[in-house]
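Comments concern the structure below.
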Amino acid sequence: MTDDRRLLHGIAQQDQGAFREFYDRHGDRVFNVALGFLRQQSDAEEVTQDVFVEVYRSAQRFRGDSSVGTWLHRITVRKSLDRIRHAKRKRRFATLTQSLGLGTGSEAAPQTDFEDPGVLLGRREDAALLSRLIDELPERQRTAFVLCFVQGLSRQEAADTMEVKLKALESLLQRAKSGLRAKLDPHFPGRGLDVRSEQRKSRQTASKDTE
Amino acid sequence: MTNPEREAWKDEVLESLQGLEPFRPDPFLFTRIQSRISSSDRPAALVARIPLGASLVGLFLLAALNVAVIVQAGPGIDANASPDTEDAYEQTLTSDFGLYSQ
């Protein structure tokens, strides 16, 4: 029996020491996966709490079909997506009440108040933009992208977490990347220069035509 | 037509969330988890501690009390009572409880 399974067995018997040890082994990982989805420290901590409460309650139901790590990832992804869905519903409701003149609008906070503490300072602007665009991806593409390109899980681990075949995961990643590339187009900082050079080219062509 | 500069910039942005520094959560997070578990366990534990027999006795008592009240109140809610009987009953009530007396 691996250490994790032994600890889960202990948790199922309500052994607080085993629960503490399990948290020490996996707490940071769960928190960072949640942070990868939510980009907010407080939200990620809430999700980490939810995950470990569920682990405590359902330890005896762990069947061992997958590794403990994959099982934990699955719970974390599910809880993170639940939270994102809940926030979206709240925002939609706030927008609706605001448009009907019923709400104060205080709930309609901006979608991504980016504050990931792990992002290097120089990359913060790009990371905030990417994070906003990831939010617009369909849920499965988003999950695949975050697990592989943000959390650095191997393709196999991500596929196991999402309970999909490796090929399906690759396809989701491909679609996520091309979707993000398309969404990045209007944000290109040199866009103004591009437009000007294209205008210059077209003027030159037009003048040649008239000559 | 693709612009190499633009494509390089996109690659850079797409990689901006890679290799994040792992971050540690609040050191008191485990304590918060424990308190959440113990606070949500309390009502369930209370319910679990009440034995089935006690619940059944409680239900039986409740039913018996209801039956007793219905049986006692029986004559008072007799729909076929004559008006004379009702008047006599009202007079008894007013005199017994001293209603309307000065």
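Summed over the stretch A:106-145, the residues that are modelled with pLDDT of 75 or more, within 13 Å of chain B (Cβ to nearest Cβ) and open to solvent by less than 70 Å² (accessible area, probe 1.4 Å) give a count of 12. Picking from residues in the stretch A:8-21 that are touching a Phe, Trp or Tyr at 6+ places or on another chain (Cβ under 8 Å) and under 21 Å from residue B:28 (Cα atoms), the one that is surrounded by the most Cβ atoms within 10 Å (Cβ to Cβ) is A:11. Of all residues in the stretch B:31-65, those satisfying the criterion of being within 14 Å of chain A (Cβ to nearest Cβ), open to solvent by 60 Å² or more (accessible area, probe 1.4 Å) and modelled with pLDDT of 90 or more are B:31, B:32, B:34, B:35, B:36.
Within the stretch A:33-45, how many residues turn out to be open to solvent by 30 Å² or more (accessible area, probe 1.4 Å) and more than 14 Å from residue A:131 (Cα to Cα)?
Let us first name the residues in the stretch A:33-45 that are open to solvent by 30 Å² or more (accessible area, probe 1.4 Å), namely A:40-43.
Then keep just the ones that are more than 14 Å from residue A:131 (Cα to Cα); that gives A:41-43.
The number of residues fulfilling the criteria is 3.
State whether one or more residues within the stretch A:81-104 are modelled with pLDDT of 90 or more, open to solvent by less than 30 Å² (accessible area, probe 1.4 Å), of a type outside the set (Phe, Trp, Tyr) and closer than 24 Å to residue A:138 by Cα. Yes, the stretch A:81-104 contains at least one residue that is modelled with pLDDT of 90 or more, open to solvent by less than 30 Å² (accessible area, probe 1.4 Å), of a type outside the set (Phe, Trp, Tyr) and closer than 24 Å to residue A:138 by Cα. Residue A:63 falls short on exactly one of the conditions (1) under 14 Å from residue A:11 (Cβ atoms); (2) away from chain B (no Cβ under 14 Å); (3) open to solvent by 10 Å² or more (accessible area, probe 1.4 Å), and that condition is (1).
Taking only the stretch B:1-38 into account, find how many residues are more than 18 Å from residue A:19 (Cβ to Cβ), assigned to a helix (DSSP H, G or I) and aromatic (Phe, Trp, Tyr). Within the stretch B:1-38, residues that are more than 18 Å from residue A:19 (Cβ to Cβ), assigned to a helix (DSSP H, G or I) and aromatic (Phe, Trp, Tyr) number 1. Among the conditions (1) at pLDDT 75 or above; (2) not in a helix (DSSP H, G or I), the only one that residue B:100 does not satisfy is (1).
Among the residues of the stretch B:1-30, those that are over 15 Å from residue A:184 (Cβ atoms), more than 7 Å from every other protein chain (Cβ to nearest Cβ) and modelled with pLDDT of 85 or more comprise B:27, B:28.
Looking at the stretch A:146-162, can you tell me whether even one residue there is touching a residue at least 60 places away in the same chain (Cβ under 8 Å), within 12 Å of another protein chain (Cβ to nearest Cβ) and open to solvent by 20 Å² or more (accessible area, probe 1.4 Å)? Yes, because at least one residue in the stretch A:146-162 is touching a residue at least 60 places away in the same chain (Cβ under 8 Å), within 12 Å of another protein chain (Cβ to nearest Cβ) and open to solvent by 20 Å² or more (accessible area, probe 1.4 Å).
Here residue A:54 meets each of (1) within 13 Å of chain B (Cβ to nearest Cβ); (2) surrounded by fewer than 19 Cβ atoms within 10 Å (Cβ to Cβ); (3) free of Cβ contacts under 8 Å to residues at least 24 places away in the same chain with one exception, condition (3).
The values are calculated or read from the model by the stated rules, or taken from the named source; none is laboratory data. What you see is a predicted model, and the numbers here were worked out from it, not measured in a lab. Neighbour counts are summed over all protein chains in view; Cβ atoms, including those assigned to glycine, are modelled from backbone coordinates with ideal geometry. SASA here: full protein model, heavy atoms, side chains in, ligands and nucleic acids out. Shrake-Rupley method; radii C 1.70, N 1.55, O 1.52, S 1.80 Å.
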